[in-house]
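Report on one structure; see the data block that follows.
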Amino acid sequence: MTAVLPVVLVAALGLTPLPSGGAAPGAPGVDQQYLPASKSGLLTSRTAASKVWATVQRQGGLGEVFYPTIGGPSARALAFVVTSPGRVESSRVRTTQLDGLRFRQTFDGWGWRLTADYTTDPARSSVLVDLRFSGGRKHGLYAVYDPALGNSRGGDAGRSVDGGLVATDGGVSSALVGDFTATSSGFAGVSDGHTDLRDGRMDWRYTSAAAGSLVQTAQLRGGHSTLALAFGGSAEEALTAGRASLRAGFGKVARDYAYGWKGYLAGLSEPPRVLKNREQRRLWTSSALVLAAAEDKTHPGAYVAAPASPWAFGSDDPSGPYHLVWSRDLYQIATGLLAAGDRAGAERALGFLFGTQQKPDGSFPQNSQLDGTPVWGGLQLDEVALPIVLAYQLGGGHWAGVKKAADFLLAYPDAPFTPQERWENQSGYSPNTIATAIAGLVCAASIASENGDAASAGRYLATADQWRAKVKAWTVTKTGPYSSNPYFLRLTKDGKPDAGTTYDIGDSGPVDVDQRRVVDPGFLDLVRLGVFKASDPDVRNSLRVVDKQLGVRTPNGFFWHRASFDGFGERLDGSQWEYDQPDGSLLSRGRAWPLLSGERGEYEIAAGDLRAAATRLDAMTRSAGPGGMLPEQVWDLAGPGRPGTPTFSATPLTWSHAQYLRLARNLDERRVTEQPAVVAERYLG
């Protein structure tokens, strides 16, 4: 994919300090949010010795670099600037996905070209960049590094050292080292390199900068060079790691990096035979690698939702909730790992879930830090049920935890009414949540029987049967405006789907909306999990409703919004979503979600329509951005981007990649492989 973009976006001018050495003026500088979350690549080694993850920015250069865990960035960006007299050059940026999690960017400008190959060092917490620059002498080449050490953008202090730059914030430090002809440390928007280079020259040589919004700049010689960005607990440790990586050489480090991922791929299942072209086979491999790379190396089984910072919302955690572990997402990731053939990874995910199960009630955190510490205090019943389903799918272990979770579902007041359903912002009777709860209880009953607890098994099955018998009475309307036939609602607030009960949509959406006007495709889990047949007339009619109300036909295929009136996405002009937008302001718009195409494909497999399911795999493939990264959302028909291409939302989203792996495997086996057999046997005959 090619885009006409500047090599960097230059910061707005603040104060204009005079050229000089010594300490940089203008502290603390301008606070900058994290970059757009639409990444073109993700890098990390397969080893535990290297606790660094790097993202490739679609606009060029590296975005967030994570250290020492994947739970928060320690760098905001590493950009490359090309200048000519009086100006910063613009270029066309192309990202190429090499074998495995390896990426190359090419910047083509007027009379010059820059290629950047990226890798991480399996032996150290270092990122290496191999640069090749060709162009006339009038062009200058610079690296501009923006640290965010310890997941904080405002407390970094930096200084020049022999051959590089170091930065420190508390117990985390970084070192940028290479063959530099000049270096400077300054403050964002005031005395930084982006500001300095606007006239095409590096005039400032500040040798240090106090704690603030630090940006560091290094002038490169051009031609062929390698630089290292390394991290450690101290400046000395980071410098040592960076210099050792440079001595090892980019070629050797890149080969060792590739060897590790080649070994991982060799241990997976054969790719599905239904992958009909190079793009699908490459995306299958990328999806498996992205899931594996999203696991933390200090806390096995802790897979994050995305290595990106969409809209950087949330004041308690500057990098946002996508770097947390979510029970629901972890279930999706684990089933994707199983589809790829990584059973060990799925087992670690299950172990993490039951290791973080809440005591004494048996629920699971809405989300948690990588060490299992709960963060948000919400409760979602599907996040209690899905770990039980996963335990069944992996052979029925963790009986003590399964029993606690199943007992919690039975004891929770007003269950299966849930305080939050899977999109986080509504309570009620949700067909999606109820589907997971029914499946969870039936799976729990099976595990209980295997462990000799017939009494618990009987209680679980009785409740599951009752909820299955009532789910339509709670969530299917016969009086809604979208069809004269019954259809599933997103949820009901009162279990009365024919009542005109109203509620506020949230995320800046409209207020006082009749619940009969709000639909989503989440009821399809009733089919995927084996609760209802694909031929159920209410399910089939609901599909027609959601296709008309939520469907988006794009050049890349057919996609769906996640729910009626959804506001979880960029504003209409493409500017960022804000988490504190007032209800009813209608300031933002949720776009279409490729993972919903995967869910629809799984339904179509259950219905025996393999051809339709194959079109969903095609659409998901075409929705990937440069570098083979699947997004959370793609542009719909209202917005600045080309419909069907990634928005600025989380890319890569691990759930999307897991869904791609699952759909491809299910197509190959012509069945929904993750459907619990015990549920299907009970309810589908």
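The values are calculated or read from the model by the stated rules, or taken from the named source; none is laboratory data. Everything numeric in this text was worked out from a predicted model, so none of it was measured. No Cβ is skipped: glycine too gets one built from the backbone with ideal geometry, and neighbour counts run over all protein chains shown.
Rundown of residues vs (1) surrounded by 24 or more Cβ atoms within 10 Å (Cβ to Cβ); (2) closer than 19 Å to Arg328 by Cβ; (3) within 26 Å of the chain's Cα centre (by Cα), yes/no style:
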| position | (1), (2), (3) |
| --- | --- |
| Trp376 | no, yes, yes |
| Ala411 | no, no, no |
| Asp414 | no, no, no |
| Phe417 | no, yes, no |
| Asn425 | no, yes, yes |
| Ala435 | yes, yes, yes |
| Lys470 | no, no, no |
| Val476 | no, no, no |
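In region 72-114, what count of residues is obtained for those that are under 27 Å from Ala624 (Cβ atoms), in contact (Cβ under 8 Å) with a residue 24 or more places away in the chain and acidic (Asp, Glu)?
1
If you go through region 498-536 one residue at a time, how many are at positive phi and crowded, with 21+ Cβ neighbours inside 10 Å? Give the steps one after another, and end with the answer.
Of the residues in region 498-536, the ones at positive phi are 506-508, 512, 530.
If we keep only those that are crowded, with 21+ Cβ neighbours inside 10 Å too, we end up with 507-508, 530.
The qualifying residues number 3.
Scanning region 555-575 for residues that are in a strand (DSSP E or B) and in contact with a helix residue (DSSP H, G or I) (Cβ under 8 Å, 6 or more places away or on another chain), which turns out surrounded by the fewest Cβ atoms within 10 Å (Cβ to Cβ)? Working first, answer last.
Taking region 555-575 and keeping what is in a strand (DSSP E or B), we get 557-561, 571.
Next, from what is left, pick out any that are in contact with a helix residue (DSSP H, G or I) (Cβ under 8 Å, 6 or more places away or on another chain): 557-561.
Values: Gly557: 21, Phe558: 16, Phe559: 28, Trp560: 22, His561: 25.
Here the answer is Phe558.
Go through region 434-458 and give me each residue that's touching a residue at least 24 places away in the same chain (Cβ under 8 Å), of a type outside the set (A, V, I, L, M) and closer than 20 Å to Leu394 by Cα.
Thr436, Gly440, Cys443, Ser446, Glu450, Asn451, Asp453
Can you say whether Thr168 is without any contact (Cβ under 8 Å) to a residue 40 or more places away in the chain and surrounded by 17 or more Cβ atoms within 10 Å (Cβ to Cβ), as far as the supplied structure shows? Before you say what the answer is, go through the steps one by one.
On the way: without any contact (Cβ under 8 Å) to a residue 40 or more places away in the chain: no; surrounded by 17 or more Cβ atoms within 10 Å (Cβ to Cβ): yes.
So Thr168 does not fit the description; no.
Which residue is farthest from Arg46 (Cα to Cα), if the candidates are limited to region 245-302 and must be touching a strand residue (DSSP E or B) at 6+ places or on another chain (Cβ under 6 Å) and assigned to a loop (DSSP other than H, G, I, E, B)?
My answer is Ala302.
Go through region 191-219 and give me each residue that's among the aliphatic types (A, V, I, L, M) and surrounded by fewer than 21 Cβ atoms within 10 Å (Cβ to Cβ). So that I can check it myself, show each step before the final result.
Our first condition is that a residue be among the aliphatic types (A, V, I, L, M); within region 191-219, this holds for 197, 202, 209-211, 214-215, 218.
Selection gives Ala210, Ala211.
Name the one entry in Asp507, Asp566, Asp512, Asp583 that is touching a Gly at 6+ places or on another chain (Cβ under 9 Å), more than 30 Å from Tyr392 (Cα to Cα), without any contact (Cβ under 8 Å) to a residue 12 or more places away in the chain and of a type in the set (D, E, K, R).
Details: Asp507 fails: without any contact (Cβ under 8 Å) to a residue 12 or more places away in the chain; Asp566 fails: without any contact (Cβ under 8 Å) to a residue 12 or more places away in the chain; Asp583 fails: without any contact (Cβ under 8 Å) to a residue 12 or more places away in the chain.
Only one candidate qualifies: Asp512.
Can you tell me which residue among Gly590, Gly601, Gly574, Gly625 is at positive phi and of a type outside the set (Asp, Glu)? Break it down stepwise before answering.
Details: Gly590 fails: at positive phi; Gly601 fails: at positive phi; Gly625 fails: at positive phi.
Just one listed residue meets the conditions, Gly574.
Find the residue count for region 655-685, including only residues that are in contact with a helix residue (DSSP H, G or I) (Cβ under 7 Å, 6 or more places away or on another chain) and in a helix (DSSP H, G or I).
Filtering region 655-685 for residues in contact with a helix residue (DSSP H, G or I) (Cβ under 7 Å, 6 or more places away or on another chain) gives 655-667, 670-676, 678-679, 682-683.
Then keep just the ones that are in a helix (DSSP H, G or I); that gives 655-667, 678-679, 682-683.
Adding up the residues that qualify gives 17.
Looking only at region 473-497, filter to residues that are without any contact (Cβ under 8 Å) to a residue 60 or more places away in the chain and of a type in the set (Ser, Thr, Tyr); which one of those is farthest from Asp414 (Cα to Cα)?
Checked region 473-497; the qualifying residue farthest from Asp414 (Cα to Cα) is Ser484.
Among what's in region 576-624 and is part of a helix (DSSP H, G or I) and of a type in the set (D, E, K, R), pick the residue that is farthest from Pro537 (Cα to Cα). Step through it out loud before you land on a result.
Step one: list which residues in region 576-624 are part of a helix (DSSP H, G or I), which gives 594-606, 610-623.
Applying the additional criterion that residues be of a type in the set (D, E, K, R) yields 599-600, 602, 604, 611, 616, 618, 622.
Details: Glu599: 18, Arg600: 16, Glu602: 18, Glu604: 14, Arg611: 21, Arg616: 22, Asp618: 27, Arg622: 32 Å.
Out of the qualifying residues, it is Arg622.
Of everything in region 658-682 that's over 11 Å from Leu617 (Cβ atoms) and charged (D, E, K, R), which residue is surrounded by the most Cβ atoms within 10 Å (Cβ to Cβ)? Walk me through how you get there before you give the answer.
Going through region 658-682, the residues over 11 Å from Leu617 (Cβ atoms) turn out to be 658, 669-682.
Next cut, charged (D, E, K, R) only: 669-671, 674, 681-682.
Details: Glu669: 13, Arg670: 12, Arg671: 13, Glu674: 21, Glu681: 12, Arg682: 19.
If we take residues in region 658-682 being over 11 Å from Leu617 (Cβ atoms) and charged (D, E, K, R), then Glu674 is surrounded by the most Cβ atoms within 10 Å (Cβ to Cβ).
Just checking, does region 496-517 include any residue being of a type in the set (A, V, I, L, M) and in contact with a strand residue (DSSP E or B) (Cβ under 7 Å, 6 or more places away or on another chain)? It would help to see each step written out before you state the result.
Quick first cut of region 496-517, residues of a type in the set (A, V, I, L, M) only: 499, 505, 511, 513.
Among the residues that remain, those that are also in contact with a strand residue (DSSP E or B) (Cβ under 7 Å, 6 or more places away or on another chain) are: 505, 513.
Yes, because at least one residue in region 496-517 is of a type in the set (A, V, I, L, M) and in contact with a strand residue (DSSP E or B) (Cβ under 7 Å, 6 or more places away or on another chain).
Do any residues in region 118-138 that are under 21 Å from Ala230 (Cβ atoms) have Cβ atoms under 6 Å from those of residues that are part of a strand (DSSP E or B) and aromatic (Phe, Trp, Tyr), where the two are at least six apart or on different chains, and which pairs are they?
Partner pairs satisfying both residue conditions: Tyr118/Phe103; Ser125/Phe231; Val129/Tyr118.
Take region 128-138 and flag every residue that is in contact with a strand residue (DSSP E or B) (Cβ under 8 Å, 6 or more places away or on another chain) and either at pLDDT below 95 or over 13 Å from Val81 (Cα atoms) (or both).
Quick first cut of region 128-138, residues in contact with a strand residue (DSSP E or B) (Cβ under 8 Å, 6 or more places away or on another chain) only: 128-136, 138.
Matches in region 128-138: Leu128, Val129, Asp130, Arg132, Ser134, Gly135, Gly136, Lys138.
In region 45-115, which strands (runs of 3 or more DSSP E) lie fully inside it and hold 1 or more residues that are surrounded by fewer than 19 Cβ atoms within 10 Å (Cβ to Cβ) and touching a strand residue (DSSP E or B) at 6+ places or on another chain (Cβ under 8 Å)? Write out each step before concluding.
On the way: elements: 53-57, 62-66, 73-84, 90-97, 103-109.
Here the list reads 73-84, 90-97, 103-109.
Looking only at region 496-544, which residues are part of a helix (DSSP H, G or I), closer than 26 Å to Ile605 by Cα and of a type outside the set (D, E, K, R)?
First, pick out the residues of region 496-544 that are part of a helix (DSSP H, G or I): 515-517, 521-528, 537-544.
This time we only want the ones that are closer than 26 Å to Ile605 by Cα, so: 521-528, 537-544.
Result: Pro521, Gly522, Phe523, Leu524, Leu526, Val527, Pro537, Val539, Asn541, Ser542, Leu543.
Would you call Ala624 of a type in the set (A, V, I, L, M), modelled with pLDDT of 95 or more and over 18 Å from Glu674 (Cα atoms)?
Working: of a type in the set (A, V, I, L, M): yes; modelled with pLDDT of 95 or more: yes; over 18 Å from Glu674 (Cα atoms): yes.
Against the criterion (of a type in the set (A, V, I, L, M), modelled with pLDDT of 95 or more and over 18 Å from Glu674 (Cα atoms)), Ala624 qualifies.
Quick check on region 585-596. Is at least one of its residues crowded, with 17+ Cβ neighbours inside 10 Å, under 19 Å from Pro431 (Cβ atoms) and over 19 Å from the mean Cα position of the chain (by Cα)?
Looking for residues that are crowded, with 17+ Cβ neighbours inside 10 Å, under 19 Å from Pro431 (Cβ atoms) and over 19 Å from the mean Cα position of the chain (by Cα), one finds none in region 585-596, hence no.
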